[in-house]
Amino acid sequence: MITDELKKTATEIRKNILIATHAAKSGHPGGSLSAADIFAYLYFEEMNIDPENPDDPDRDRFVLSKGHTAPGLYSALALRGYFPVEDLKTLRHIGSPLQGHPAMDHVKGVDMSSGSLGQGLSVACGMAMAAKLSGKTYRTYCLVGDGELQEGQIWEAAMFAGSRKLDNLVVIVDNNDLQIDGRVGDICSPYPIDEKFKAFGFFVIKVRDGNDLEQLEPAFEEAASLKGKPTVIICRTVKGKGVSFMEDQAGWHGKAPNDEQLAQALAELG
Amino acid sequence: MSEIIKIATRESYGKAITELGREHEEIVVLDADLAEATKTAVFRKEFPERHIDCGIAEANMIGISAGLATAGKVPFASSFAMFATGRAYEQIRNSVGYPHLNVKICATHAGLTVGEDGATHQCNEDIALMRSIPGMTVIVPSDDIETKAAVRAAYEYQGPVYIRLGRFAVPVINTNEDYSFQMGKGIKLRDGSDVSVIATGLMVSSALEAAEILAGNGISASVVNIHTIKPIDREIIVEEARKTGRIVTAEEHSIIGGLGSAVAETVGDEFPVPVHRVGMNDTFGESGPAADLLRKYGLDGKGLADNIMAWMKG
């Protein structure tokens, strides 16, 4: 059940994305905000994890293949109790464990270093294979961007996951439809995303509004029930979601808010 | 004199990894459609459930290896050196090197001696690529015995390791009873006073041959086997620099970025003496039988000896 508390958590993640990138004077708020509800659902509802035991071999795994949205991941981890929320203000600062892109040996709770697009899904396949080989029941989740689907390695990994029937793997596509240079469909179209994954041997679940926790819940519940194939959940989202002047703007892909913009954004989020 | 036994180091790898696989259940072997050629088919036959053929997708293979390593498996990923280190360079750098994951990359068909397949498959740049990655250990075994020891040492070490292996059968030279492989420790095979030949991989046996020829020409040459290019044994190299004041490096690899560069960097830092780098002279290889190619490119014993004598005459 989606509680008000979970909705509030998603809003807190959004606020902290803005606070962190503002403090860093750089970073990627747009794609972090589009995935904020996905982060909230995964870290506060879906995954079997324990901040007190971050290296538990039986924990569920998460790979942020779209690693530039580290502010979203870090905010979720901090709010979940992996490290103090206050530390988010050190994002991208020299000496901070909160590197511009996630570094697993710097931050507890980060299951894999990422940042170079296209590589995370292969790693997630390796984690899922390891579970199969060891007879473990943990599940592996991997968040990819829609622009990231232009990387060939994604499809190498998708072919492998389908071929090996990795039904302990869930791929989530943050389909905000924007990449740095414009609309994904204009730059080099990955559409139809659903048909592609289907052809690669996946169960496909589509979420009409991936910024609506009420819609994410049944999608993840369905994914958990599917056996014999990997699952992809394609979430149609809005880049910059929750901040009026950032919504659906490619320009906010990799730009931090200034003092005024931060104040306005935080006021809007309430 | 007993007959020289020749074994390709890829054969040694196949045997070594299978033997290790019997001892350690967490070992997983990955291939990219080349298990027969990399000789991991031996492992696959005995442990089919622990062999993952990723198909012709090297980048994905490296990523899967990284994921397996995060979950406590010890992956040995194999392909030809060209594709393992060239095609998947960035995956190795970012998904293995940066998080310092316990992935072993054992690449066969390195260097000119791939032979008939020609330049596209003859990787003479892999040592340069791999040694530039922070925290990556780089090992180039010289023969069967050293390969088996290196594979075991790589398993015992926690962290990423690159092992460079060959297709061509090479003489078994490390038959001394007191032979011991220590990662990062060079081995002096012959002591000399006029020139030091520092070699790696199959060039170690060429260097031993060359030293014999040099001796016949009144030149006393040391021969040092540097099986670990990174971390390199600075001590043994500086000791040779101090003693002979002249160093020749020999490798089946480009003279840019490989053993020659690593040795030149070391003496440049600590005790500068002239270093003459023998290897592939900033050129691509070509098709032909491996032994003929070694002769043509001056990497056989005689070619190396002639090259050293010409250099010493200045």
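Things worth noting here:
- Principal-axis tilt of helix B:259-270 within chain B, Cα atoms, nearest 10 degrees: 60 degrees
- Result for chain B in a Gaussian network model with C-alpha springs under 10 Å: among B:Phe168, B:Phe284, B:Phe43, the largest mean-square fluctuation is at B:Phe284.
- The Kirkwood hydrodynamic radius of chain A, based on inverse pair distances between different Cα atoms, is 18.2 Å.
- Kirkwood-type radius of the protein assembly as shown, with distances r between different C-alpha atoms, in Å: 25.5 Å
- About the centre of its Cα atoms, segment B:116-181 shows a dipole size close to 220 debye [charges on the beta carbon of Lys, Arg (+1) and Asp, Glu (-1) only; nearest 20 debye].
- For A:Lys66, a cut-off of 17 angstrom between C-alpha atoms picks up these aspartates and glutamates, skipping any fewer than 8 places away in its own chain: A:Asp37, A:Asp111, A:Asp146, A:Glu148, A:Glu151, A:Glu156, A:Asp174, A:Asp177, A:Asp181, B:Glu90.
- Taking amide H as placed 1.01 Å from N in the peptide plane, the amide H of B:Val197 sits under 5 Å from that of B:Ser222, B:Val223, B:Val224, B:Val248, each at least 5 places away or on another chain.
- Full extension of the chain between B:Ala37 and B:Lys296 yields a length gain of 90.7 nm, computed as 0.36 nm times the residue separation minus the alpha carbon distance.
- Rounded to 10°, Cα long-axis angle of helix A:213-225 versus longest principal axis of chain A: 20 degrees
- Extent of segment B:74-142 along its three principal axes (Cα atoms, max minus min coordinate, largest first): 38, 21, 17 Å.
- Note that segment B:239-244 has calculated 3J(HN,Hα) couplings of 4, 5, 4, 5, 7, 9 Hz, one per residue in order, obtained from phi through the Karplus relation 6.51 cos²θ - 1.76 cosθ + 1.60 (θ = phi - 60°); glycine and proline are x.
- Segment B:6-171, relative contact order in percent, only Cα pairs under 8 angstrom and at least six apart counted: 28 percent
- DSSP finds beta bridges in the protein assembly as shown, and of those with both partners inside it, around 15 percent are antiparallel.
- For the pair segment B:268-291 and segment A:1-43, the centres of their Cα atoms are 54 angstrom apart.
- Mean separation of Cα contacts under 8 Å (6+ apart) over length of chain A, as relative contact order %: 24 percent
- Sorting the segments B:267-273, B:5-11, A:244-250, B:305-311 by their mean number of nearby beta carbons within 10 angstrom, highest to lowest, gives B:5-11, B:305-311, A:244-250, B:267-273.
- Placing +1 on the Cβ of every Lys and Arg and -1 on the Cβ of every Asp and Glu, with nothing else charged, gives segment B:127-264 a dipole about its Cα centre of roughly 440 debye.
- For chain B: relative contact order, % (alpha-carbon pairs under 8 angstrom, 6 or more apart): 17 percent
- Segment B:6-171: antiparallel DSSP beta bridges as a percent of all, rounded to 5: 10 percent
- Between helix A:4-24 and chain A: long-axis angle, C-alpha atoms, 0 to 90°, nearest 10: 60 degrees
- The share of alpha-carbon pairs in segment A:92-218 lying farther apart than 25 Å comes to 32%.
- Calculated [θ] (222 nm, deg cm²/dmol) that DSSP helices of n ≥ 4 give over chain B, each run adding -39,500 (n - 2.57): -11000 deg cm²/dmol
- Segment B:187-313 - convex hull of the alpha-carbon atoms, volume per residue in Å³: 93 Å³
- Segment A:Gln249..A:Lys108, full-extension length gain: 47.5 nm, with 0.36 nm per residue of separation and the alpha-carbon distance subtracted.
- Less than 5 angstrom separates the built amide H of B:Cys123 from those of B:Met82, B:Gly111, all sequence-distant by 5 or more or on a different chain.
- Segment B:187-260 versus segment A:117-194: alpha-carbon centroid distance in Å: 48 Å
- If the convex hull is drawn through the Cα atoms of chain B, its volume per residue in Å³: 123 Å³
- Taking only the alpha carbons of segment B:6-171, we obtain Rg and Dmax values of 13.9, 40 Å in that order.
- Assigned charges on the beta-carbon of Lys, Arg, Asp, Glu; the protein assembly as shown dipole about Cα centre (debye): 380 debye
- The 3J(HN,Hα) values that the Karplus relation (6.51, -1.76, 1.60; θ = phi - 60°) gives for segment B:28-38 are, in residue order, 10, 10, 10, 9, 10, 6, 10, 4, 5, 6, 7 Hz. Gly and Pro appear as x.
- Cut-off 14 Å, label 7 Å out along Cα→Cβ of A:Thr90, residues of segment A:50-79 by amide N: A:78
- Gaussian network model of chain A, springs between alpha carbon atoms under 10 Å - residue of A:Gly72, A:Gly201, A:Gly145 with greatest fluctuation: A:Gly201
- Chain A: calculated mean residue ellipticity at 222 nm from DSSP helix runs of at least 4, using -39500 (n - 2.57): -12000 deg cm²/dmol
- Fluctuation leader among B:Cys123, B:Cys54, B:Cys106 - chain B, Gaussian network, Cα springs under 10 angstrom: B:Cys54
- Distant-in-sequence amide H partners of A:Asp146 (H built 1.01 Å from N, under 5 Å): A:Asp174, A:Asn176, A:Asp177
- Percent of C-alpha pairs per 5 Å bin, segment A:2-46, short to long: 5, 25, 30, 21, 12, 6, 1
- Remark: spin-label model distance B:Ile5-B:Phe271 equals 3.6 nm, labels positioned 7 Å along the Cα→Cβ axis.
- The phi torsions of segment B:124-140, fed into the Karplus equation with coefficients 6.51, -1.76 and 1.60 and a -60° offset, translate into couplings of 10, 10, 5, 5, 4, 4, 6, 6, 7, 8, x, x, 7, 8, 10, 10, 10 Hz, rounded to whole numbers, with Gly and Pro shown as x.
FYI, it's all coordinate maths here, none of it is from the lab. These numbers were taken from a predicted model, which means no experiment stands behind them. Ideal geometry is used to build each Cβ from the backbone, glycine not excepted, and the neighbour counts take in all protein chains shown.
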